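Participant: Below are the structure tokens for one structure; questions will follow.
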Amino acid sequence: MSQLTTQEFCISLSDLAAFLEISPPQAKAKAELALNKKIKSPWLVPEDVRTTLLAEGYKYPQKIISVQMLKGGVAKTTSVLNMGLRAAMYGARVLFIDLDQQANLSFALGVEDESLPVWVDIVEKKKSIEECVRFIEPHVDLIPSSLNNSVMDRVLMNSNRNWAQAVKVPLEKIRHRYDLILIDTAPALSATNTAVTIASDEVILPVNPDKFAMLGLEKNLLELADIKVDFDLQFNRKILFTKFDGRENTSHELLQKCIDSFADELMTGYIRTSSEVKNSVRSGKSLFAGKSPVKADYDLVTREVLGFA
Ligand SMILES: Nc1ncnc2c1ncn2[C@@H]1O[C@H](COP(=O)(O)OP(=O)(O)O)[C@@H](O)[C@H]1O
Ligand SMILES: [Mg+2]
């Protein structure tokens, strides 16, 4: 169990009301009707949100999404963490998979034990996928990573079995338990990331307003296009603009360039830069514990991911 506080895994009645575009007392009444019980706390646990939203006609997706970018520091881990936690607050059943051997996502979720089984153990048939799943909080599970995953590319390349299916096939066993499976990856064009792409229904590519970002994005898009053809895949590509700084020209120029070049693939929501995000992953805190304006940005992006926008 992680050390997450109530406001990091429960949505407030006022946030739920804002989402449903009604007043907090109306949201409370709707939840009480759906749950057939009195609500005393201003926070709703994920299971109760789920029941309420299902009664409202919302449908949860069944999606495997990976977040990839060959460039480091573009907010892959920050985005995976905050989209996943927010999705769980909206009642989605979320599985995080950490496939970066740096294991920042695992650390952020309070899992730091090098002896725990990781994905390479599944590939080597030392562990089942079920044995790798850790409970984090209601509606949030994690398959952690550690430095042990750093040999994964070599293991895949030396394997006699079909290495390209090394993420997809094990996931088939458990994917029905989750609405959203979010995979965090290392910044690389690697065999591991190819196997991740093959398992993905959607690949989200975060991009930052800096001069190397567009170069990285273009390279990554070409790689994904090749994988799509080579393996005859159907996945969607989405670009998520992060660290947008309204005071800087480069931010405006590069966002405009993304709008012009990738209109269909650019996510509607984008993430502003904020000093409060700086150490959020390292300190193991989700943004939803604080007051950062970026909270609202990840809220909108999460709704987009869930199809609740
Ligand atoms: N919106 C943001 N504003 C400011 N800093 C951010 C933002 N998003 C991420 N960061 C910071 O950027 C750094 C890299 O983020 P991280 O999510 O670890 O990237 P990646 O996983 O792509 O390497 C971290 O220090 C993180 O706190
Ligand atoms: Mg990372």
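Participant: List the aspartates and glutamates whose Cα sits under 13 Å from the Cα of Lys76, skipping any in the same chain fewer than 8 residues away.
Facilitator: Partners within reach: Asp98, Asp100, Asp184.
Participant: Moving on. Could you tell me the ratio Rg/Rh of the chain? Both radii from Cα atoms, Rh via Kirkwood.
Facilitator: Result: Rg/Rh = 0.96.
Participant: What translational D, rounded to a whole number of µm²/s, comes out for segment 138-203 from Stokes-Einstein when the hydrodynamic radius is the Kirkwood one over Cα pairs, at 37 °C and 0.692 mPa s?
Facilitator: Diffusion coefficient, whole number: 253 µm²/s.
Participant: Treating cross-link reach as a plain straight distance, find the lysines whose alpha-carbon is under 21 Å from the alpha-carbon of Lys28, omitting any fewer than eight places away in the same chain.
Facilitator: Cross-link targets: Lys37, Lys38, Lys40, Lys59.
Participant: To the nearest 20 debye, what is the magnitude of the charge dipole of segment 217-309 about its Cα centre, counting +1 on the Cβ of each Lys and Arg and -1 on the Cβ of each Asp and Glu?
Facilitator: The calculated dipole for segment 217-309 is roughly 660 debye.
Participant: Also, I was wondering about something else. PRE reach from Lys173 (point 7 Å along Cα→Cβ): which of segment 127-149 fall under 13 Å by backbone N?
Facilitator: 127-133
Participant: With N denoting the number of residues in segment 1-121, provide Rg(C-alpha) divided by 2.2 N^0.38 Å, to two decimal places.
Facilitator: Computed over Cα atoms of segment 1-121, the ratio equals 1.24.
Participant: Taking a cut-off of 13 Å, what percent of all Cα-Cα pairs in segment 188-248 are separated by more than that?
Facilitator: For segment 188-248, the share of Cα pairs beyond 13 Å comes to 64 percent.
Participant: Further, regarding this structure: Filter the DSSP H helices in the chain by two things, a Kyte-Doolittle mean of at least 0.0 and an axial alpha-carbon span of 15 angstrom or more, and list the hits by number.
Facilitator: 76-89, 213-230, 294-306
Participant: About the Cα centre of the chain, what is the dipole size in debye to 20, counting +1 per Lys and Arg Cβ and -1 per Asp and Glu Cβ, all else neutral?
Facilitator: Dipole size: approximately 540 debye.
Participant: Positive end of the charge dipole of the chain (Lys, Arg +1 and Asp, Glu -1 on Cβ, about the Cα centre): tell me which of Pro170, His252, Leu142 has its Cα farthest that way.
Facilitator: Leu142
Participant: Can I ask one more? Ser41 versus Asp230, label points 7 Å from Cα toward the beta carbon: distance in nm?
Facilitator: 4.8
Participant: Return the subset of Lys219/Lys243; Lys127/Lys228; Lys243/Lys295; Lys63/Lys125; Lys63/Lys238; Lys30/Lys238 for which the Cα-Cα distance in this structure is over 22 Å, preserving the input order.
Facilitator: Correct reply: Lys127/Lys228; Lys63/Lys125; Lys30/Lys238.
Participant: Run the simple label-point estimate for Ala263 and Ala296 please: 7 Å along Cα→C-beta, distance reported in nm.
Facilitator: Distance between the two pseudo-spin positions: 2.8 nm.
Participant: Write out the chymotrypsin sites (Phe, Trp or Tyr not before Pro) in segment 109-214 meeting two conditions: DSSP loop, and at most 14 other Cβ atoms within 10 Å of their Cβ.
Facilitator: Passing both the DSSP loop test and the Cβ count: Phe212.
Participant: For segment 1-121, what is the charge dipole size about the Cα centre, in debye to the nearest 20, if Lys and Arg each add +1 at the Cβ and Asp and Glu each add -1 at the Cβ?
Facilitator: Computed charge dipole of segment 1-121: roughly 600 debye.
Participant: Further, regarding this structure: Testing the spin-label approximation: label points 7 Å from Cα along Cα→Cβ at Glu114 and Leu147. State their distance in nm.
Facilitator: Going from the Glu114 label point to the Leu147 one covers 0.5 nm.
Participant: Is segment 203-308 best put as rounded, prolate or oblate by its Cα gyration tensor, with a ≥ b ≥ c the root eigenvalues, rounded for a/c under 1.5, and otherwise prolate when a/b is larger than b/c, oblate when not?
Facilitator: Note, shape of segment 203-308 comes out prolate.
Participant: Taking R0 as 30 Å, what's the FRET efficiency between Arg161 and Asp201 from their Cβ-Cβ distance, rounded to 0.05?
Facilitator: Computed FRET efficiency for Arg161 and Asp201: 0.85.
Participant: With the calculation restricted to Cα positions, what are the radius of gyration and Dmax of segment 1-59 in angstrom?
Facilitator: Answer for segment 1-59, Rg first and Dmax second: 11.3, 34 Å.
Taken together, the values in this text are just the output of simple stated rules run on the coordinates, not laboratory data. None of these values were measured; they are calculated from a predicted model. Counting neighbours? That spans all protein chains shown, and the Cβs are built from the backbone with ideal geometry, glycine included.
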